[in-house]
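*Asks:* To start, I am sharing the structure in question, which I have written as structure tokens.
The values are calculated or read from the model by the stated rules, or taken from the named source; none is laboratory data. Everything numeric in this text was worked out from a predicted model, so none of it was measured. With ideal geometry, Cβ positions are generated from the backbone for all residues, glycine too; neighbour counts draw on all protein chains shown. Only protein heavy atoms, including side chains, enter the accessible area calculation; ligands, DNA and RNA are left aside. Shrake-Rupley method; radii C 1.70, N 1.55, O 1.52, S 1.80 Å.
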Amino acid sequence: MKIVDSIESLRKWVAENKANHQTVGFVPTMGFLHEGHMSLVDAAKNRADVVVMSIFVNPLQFGPTEDLDRYPRNLERDQQMAEARGVDLLFVPTVEEMYPQAVKTVIHVSGVTERLCGASRPGHFDGVATVVCKLFNMVQPDFAFFGEKDAQQVAVIQQMVYDLNLPIEIVPCPIVREKDGLAMSSRNVYLNEEERKQALSLSQALREAEQAYLDGRTPQEVRQLMLEKIQAEPLAEIDYVELLSYPSLEPLESLESSSFICALAVRFGKTRLIDNLIILNKKGREKHVAYDDDRKNTPCYSN
Ligand code: AMP
């Protein structure tokens with residue numbers, strides 16, 4: 001595995017590979033890697049000839065009171081994991097390399113950024129869209145792989161790629177969970193033992209939501225069930241629990257007609273966790289597993 005920290009070396013490596021007719025798969029991350037990230041590498045290796053991973057904790061997407069300074073980092077371990085999983089090029093730029101000056105051009109995706117994390121983290125998705133657009137321009141991948149753990153991020157990136165005609169296929173990948181159901185996240189290391197135990201209520205609430213949906217309950221009833229499950233944990237501070245259409249992320253009258261997402265963000269102490277369940281609806285209650293071929297490059301139209 002080659003490791004580079006300059007945009008110039010990255011571009012050179014990609015150009016050589018493209019000259020050899022290699023397709024390029026790209027996995028952008030903020031590091032402190034876990035199996036969730038590794039599943040994206042596996043998907044990229046299946047789809048593309050060579051795989052580029054970036055590790056960059058992007059200051060632009062953190063709010064002033066958020067965890068930028070204490071975001072977990074372990075580059076040595078990340079390098080070993082990336083290499084063992086078959087990443088071909090690891091791009092680890094510094095903040096100065098990515099932002100030599102304060103940026104004056106920012107990508108703002110409207111609509112899909114209005115609710116959920118877009119509402120509770122102002123400016124977050126501008127930071128995400130801007131850095132992903134910059135990375136796309138540097139790597140020029142054929143495919144880019146994103147986890148549905150950050151389902152709103154997937155919707156934002158798909159909308160950006162669609163609106164700006166970026167010649168990149170966005171491949172959403174399913175959420176990887178710990179054995180007990182907790183969605184894997186670099187931030188899980190912040191949780192103490194009791195918080196970790198109570199955080200299980202998130203995936204449990206989503207499982208109950210799925211059952212309630214299959215039982216024919218309304219969006220309001222499903223949301224109420226989820227709220228009750230999570231509120232039963234004394235350390236849980238709910239940021240949001242929402243059911244919205246997916247990927248357009250608009251309010252829902254019923255769960256019958258469109259694909260939808262149950263999305264939640266909950267704080268345990270200083271740690272904010274997100275999780276979700278996407279239900280792909282074609283006709284009525286015909287349910288599809290959360291990841292299949294008709295997800296690719298879905299433009300985020302409102303239905
Ligand atoms: P991050 O390093 O948290 O910015 O995540 C980098 C990429 O890994 C994003 O596309 C995330 O959605 C994805 N990712 C993070 N956690 C998981 C997970 N548990 N399952 C699947 N993908 C994940």
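*Asks:* If I ask for residues that are farther than 20 Å from residue 6 by Cβ and within 20 Å of the chain's Cα centre (by Cα), which ones from region 58-69 would you list?
*Replies:* Within region 58-69, 61, 62, 63, 66, 67, 68 qualify.
*Asks:* Is it true that residue 18 is basic (Lys, Arg), within 16 Å of the ligand (Cβ to nearest atom) and open to solvent by 70 Å² or more (accessible area, probe 1.4 Å)?
*Replies:* No.
Rundown of residues vs (1) in contact with a Cys (Cβ under 6 Å, 6 or more places away or on another chain); (2) of a type in the set (Lys, Arg); (3) in the same structural domain as residue 48 (by TED's automatic domain parsing), yes/no style:
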residue	(1), (2), (3)
147	yes, no, yes
153	no, no, yes
157	no, no, yes
162	no, no, yes
182	no, no, no
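*Asks:* Pairs only if they're at least six apart or on different chains, beta carbon under 9 angstrom, first in region 244-267 and under 25 Å from residue 171 (Cα atoms) and outside the structural domain of residue 207 (by TED's automatic domain parsing), second part of a loop (DSSP other than H, G, I, E, B) and open to solvent by less than 20 Å² (accessible area, probe 1.4 Å); list them, first residue then second.
*Replies:* none
*Asks:* For region 162-179, what are the residues that are more than 8 Å from the ligand (Cβ to nearest atom) and not aliphatic (A, V, I, L, M)?
*Replies:* Once the filter is applied, which keeps residues that are more than 8 Å from the ligand (Cβ to nearest atom) and not aliphatic (A, V, I, L, M), region 162-179 yields 162, 163, 165, 167, 169, 172, 178, 179.
*Asks:* Just the residues that are hydroxyl-bearing (Ser, Thr, Tyr) and open to solvent by 10 Å² or more (accessible area, probe 1.4 Å), please, taken from region 243-266.
*Replies:* Passing the criteria: 246, 254, 257, 258, 259.
*Asks:* I'm trying to understand the selection: among the residues of region 27-58, which are outside any loop (DSSP other than H, G, I, E, B) and open to solvent by 40 Å² or more (accessible area, probe 1.4 Å)?
*Replies:* Hits for region 27-58 are 35, 42, 45, 46, 47.
*Asks:* Go through region 168-219 and give me each residue that's hydroxyl-bearing (Ser, Thr, Tyr) and part of a loop (DSSP other than H, G, I, E, B).
*Replies:* Answer for region 168-219, where residues must be hydroxyl-bearing (Ser, Thr, Tyr) and part of a loop (DSSP other than H, G, I, E, B): 185, 218.
*Asks:* Being assigned to a strand (DSSP E or B) and touching a helix residue (DSSP H, G or I) at 6+ places or on another chain (Cβ under 9 Å) is the filter here; which residues of region 245-268 pass it?
*Replies:* Result: 251, 260, 261, 262, 263, 264, 265, 266, 268.
*Asks:* So which of 159, 153 ends up being within 16 Å of residue 264 (Cα to Cα) and within 16 Å of the ligand (Cβ to nearest atom)?
*Replies:* Criteria check complete, one pass: 153.
*Asks:* If you don't mind, there's one more thing I want to ask. Quick one: is residue 90 touching a helix residue (DSSP H, G or I) at 6+ places or on another chain (Cβ under 9 Å), in a loop (DSSP other than H, G, I, E, B) and open to solvent by less than 50 Å² (accessible area, probe 1.4 Å)?
*Replies:* no
*Asks:* Hey, among 139, 132, 128, which residue is surrounded by 22 or more Cβ atoms within 10 Å (Cβ to Cβ), more than 13 Å from the ligand (Cβ to nearest atom) and among the β-branched types (Val, Ile, Thr)?
*Replies:* Going through 139, 132, 128 in turn, just one is surrounded by 22 or more Cβ atoms within 10 Å (Cβ to Cβ), more than 13 Å from the ligand (Cβ to nearest atom) and among the β-branched types (Val, Ile, Thr): 139.
*Asks:* Any idea which of (1) more than 16 Å from residue 252 (Cβ to Cβ); (2) surrounded by 15 or more Cβ atoms within 10 Å (Cβ to Cβ); (3) not charged (D, E, K, R) is the one residue 200 doesn't satisfy?
*Replies:* (2)
*Asks:* Another one. Which one of the conditions (1) loosely packed, with under 14 Cβ neighbours inside 10 Å; (2) more than 19 Å from residue 29 (Cα to Cα); (3) among the charged types (D, E, K, R); (4) within 21 Å of the chain's Cα centre (by Cα) does residue 115 fail to meet, given that it meets all the rest?
*Replies:* So the condition that residue 115 fails would be (1).
*Asks:* So which residues in region 68-87 are open to solvent by 90 Å² or more (accessible area, probe 1.4 Å) and assigned to a loop (DSSP other than H, G, I, E, B)?
*Replies:* Once the filter is applied, which keeps residues that are open to solvent by 90 Å² or more (accessible area, probe 1.4 Å) and assigned to a loop (DSSP other than H, G, I, E, B), region 68-87 yields 69, 70, 73.
*Asks:* Name the single residue that is nearest to residue 275 (Cα to Cα) among those in region 180-195 being away from the ligand (no atom under 13 Å from the Cβ) and without any contact (Cβ under 8 Å) to a residue 40 or more places away in the chain.
*Replies:* That would be 180.
*Asks:* Kindly provide the set of residues from region 103-132 that are within 22 Å of residue 272 (Cβ to Cβ) and in a loop (DSSP other than H, G, I, E, B), ordered by number.
*Replies:* Once the filter is applied, which keeps residues that are within 22 Å of residue 272 (Cβ to Cβ) and in a loop (DSSP other than H, G, I, E, B), region 103-132 yields 109, 112, 113, 114, 115, 116, 121, 122, 123.
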